[in-house]
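The values are calculated or read from the model by the stated rules, or taken from the named source; none is laboratory data. Just so you know, these numbers come straight off a predicted model, no measurement behind them. Counting neighbours? That spans all protein chains shown, and the Cβs are built from the backbone with ideal geometry, glycine included.
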Amino acid sequence: MQDSIQNYMQQVGVQARQASRFLTSASTHLKNNALSAIYTALENNQAQILAANQIDMENGRQLQLDTALLDRLELTPARFKGMLHGLKDVIALVDPIGEITDLAYRPSGIQLGKMRVPLGVIGMIYESRPNVTLEAASLALKSGNAIILRGGSEALESNKAIATAIQHGLQISGLPEHAVQVIDTPDRAAVGHLITMAEYVDVIVPRGGKSLIERISNEARIPVIKHLDGNCHVFVEAQADLQKALPIALNSKTHRYGVCNAMETLLVDEAIAEEFLPSIAELYAEKQVELRGCPETQRILGVSVKTATEDDWYTEYLGPILAIKVVTGMDEAIEHINKYGSHHTDAIITENFSLAREFLARVDSSSVMINASTRFADGFEYGLGAEIGISTDKIHARGPVGLEGLTSQKWIVFGDGQIRQ
């Protein structure tokens with residue numbers, strides 16, 4: 001069995017590398033035609049794709065997957081419509097490939113610059129969300145990359161149905177059908193091969209739970225674009241407008257629970273804690289959010305608040321649980337965020353412009369916000385059309401990774417017979 005998986009993955013790698021060489025020089029027109037054909041195929045096969053997703057959902061319930069995982073797995077008609085909208089946005093984006101920047105003449109007479117180019121072959125490993133199959137495929141194609149997609153076994157039927165539509169769009173548009181390949185085996189050995197096939201794969205993008213990301217980071221022999229988790233914070237500063245702070249704090253936590261840009265810890269300045277905490281706690285109670293707080297939070301809100309442990313400050317709940325801490329000011333808030341956070345997304349609510357600017361500079365996260373919900377940390381909301389993931393690394397991409405994050409640059413030189421003296 002291991003030999004057959006190895007042979008299968010080897011074939012996938014060879015096909016992806018061949019497709020990537022074609023895509024490197026594919027025109028924007030050809031790539032957009034392929035994406036448009038994929039759009040039509042998805043639209044025509046919506047019923048089949050949603051039916052396949054229902055099979056995955058039923059299997060997930062029988063396996064007793066947790067609520068957050070089931071939420072990420074489900075494809076509703078509204079989410080399917082959102083997928084199509086995202087694909088249209090990718091089609092409309094400016095193609096970054098071939099862009100030449102920083103042209104300058106050198107004393108020798110040569111003209112030097114940089115050209116934006118695809119990474120080559122992307123290996124994507126992800127859990128649950130079947131919409132990622134389309135988002136990753138569309139971004140890879142538009143940026144001139146081939147992609148190998150390995151989704152979780154819990155979404156196998158959904159991913160296969162989406163892949164069928166993608167393959168149809170590629171076939172009728174003239175792009176190589178192996179430009180997008182979805183691994184159709186749930187065997188975990190496939191992942192082990194994918195992350196070590198350095199001769200065929202140029203970068204690995206894992207997207208899922210912390211254990212998956214840690215495994216890929218530890219075992220991969222290929223560069224990895226990753227984020228470990230989304231332990232996001234909102235800090236309500238002493239000079240906050242509470243009419244802004246209440247809806248922001250509520251939306252950041254309760255808009256959707258099982259997502260990486262949901263707030264997991266609320267920090268409140270002690271100067272406004274007595275006024276703010278009872279009001280926000282009432283809103284959370286309506287949403288049945290369990291609160292875990294520091295001693296000062298418990299004093300203000302009473303026995304309904306559980307005691308927050310040291311582990312709570314580190315935890316990405318992905319559910320209706322929130323940790324709350326009262327802090328003595330911005331210095332303590334920033335120290336807490338930089339110590340316990342995951343460098344994903346953190347926000348400050350304040351009317352003090354100087355403090356807001358200082359917060360932007362000192363918080364070491366891929367997205368830092370002023371007076372806005374953490375839920376905006378998203379490729380679609382950032383105008384990227386979609387995202388292949390949100391990176392908390394500092395190299396090579398950071399934050400939501402869209403088209404530009406799937407490219408690199410190479411030096412180019414224009415000469416007219418010059419030789420080096």
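Look at (1) over 25 Å from residue 361 (Cα atoms); (2) over 30 Å from the mean Cα position of the chain (by Cα); (3) among the β-branched types (Val, Ile, Thr) and you find that residue 328 fails only one, number (1). Mind listing just one residue for me: the one in the stretch 118-159 that is farther than 20 Å from residue 79 by Cα and β-branched (Val, Ile, Thr) and, of those, modelled with the lowest pLDDT? Result: 125. The C-beta contact set for the stretch 330-343 (first residue within 13 Å of residue 230 (Cβ to Cβ) and not assigned by TED's automatic domain parsing to the domain that holds residue 237, second residue in a helix (DSSP H, G or I) and of a type outside the set (Asp, Glu), distance under 9 angstrom, 6+ apart or interchain) is empty.
Being under 16 Å from residue 374 (Cβ atoms), outside any strand (DSSP E or B) and among the β-branched types (Val, Ile, Thr) is the filter here; which residues of the stretch 247-279 pass it?
248, 254, 259
Filter the stretch 1-53 down to residues that are under 15 Å from residue 141 (Cα atoms), part of a helix (DSSP H, G or I) and hydroxyl-bearing (Ser, Thr, Tyr), then give me how many there are. Selection size over the stretch 1-53: 4. Over 25 Å from residue 404 (Cβ atoms), not polar (S, T, N, Q) and not assigned by TED's automatic domain parsing to the domain that holds residue 36: is that true of residue 177 in this structure? Considered against the rule, which asks whether it is over 25 Å from residue 404 (Cβ atoms), not polar (S, T, N, Q) and not assigned by TED's automatic domain parsing to the domain that holds residue 36, residue 177 comes out as no.
For the stretch 338-359, which positions are within 30 Å of residue 136 (Cα to Cα) and of a type in the set (A, V, I, L, M, F, W, C)? The one that is within 30 Å of residue 136 (Cα to Cα) and of a type in the set (A, V, I, L, M, F, W, C): 347.
Taking (1) in contact with a strand residue (DSSP E or B) (Cβ under 9 Å, 6 or more places away or on another chain); (2) assigned by TED's automatic domain parsing to the domain that holds residue 290 in turn, residue 243 satisfies each apart from (1).
With 42, 69 as the choices, which residue is surrounded by 17 or more Cβ atoms within 10 Å (Cβ to Cβ), modelled with pLDDT of 95 or more, out of contact with any Pro (no Cβ under 8 Å at 6 or more places or on another chain) and not hydroxyl-bearing (Ser, Thr, Tyr)? Quick ask: steps written out before the conclusion?
Numbers: 69 fails: modelled with pLDDT of 95 or more.
Going through 42, 69 in turn, the sole match is 42.
For residue 249, the conditions (1) without any contact (Cβ under 8 Å) to a residue 12 or more places away in the chain; (2) touching a helix residue (DSSP H, G or I) at 6+ places or on another chain (Cβ under 8 Å) are fulfilled apart from (1).
Please determine whether any residue of the stretch 66-88 is assigned to a helix (DSSP H, G or I) and among the polar types (S, T, N, Q).
We begin by selecting, within the stretch 66-88, every residue assigned to a helix (DSSP H, G or I); these are 67-73, 77-88.
Subset that is among the polar types (S, T, N, Q): 67.
Yes, the stretch 66-88 contains a residue that is assigned to a helix (DSSP H, G or I) and among the polar types (S, T, N, Q).
Here residue 97 passes the criteria (1) over 17 Å from the mean Cα position of the chain (by Cα); (2) within 21 Å of residue 384 (Cβ to Cβ); (3) part of a helix (DSSP H, G or I) except the one numbered (3).
Taken over the stretch 194-219, the criterion of being at pLDDT below 95, of a type outside the set (D, E, K, R) and not in a strand (DSSP E or B) is satisfied by 208, 209, 211, 212, 213, 216, 217, 218.
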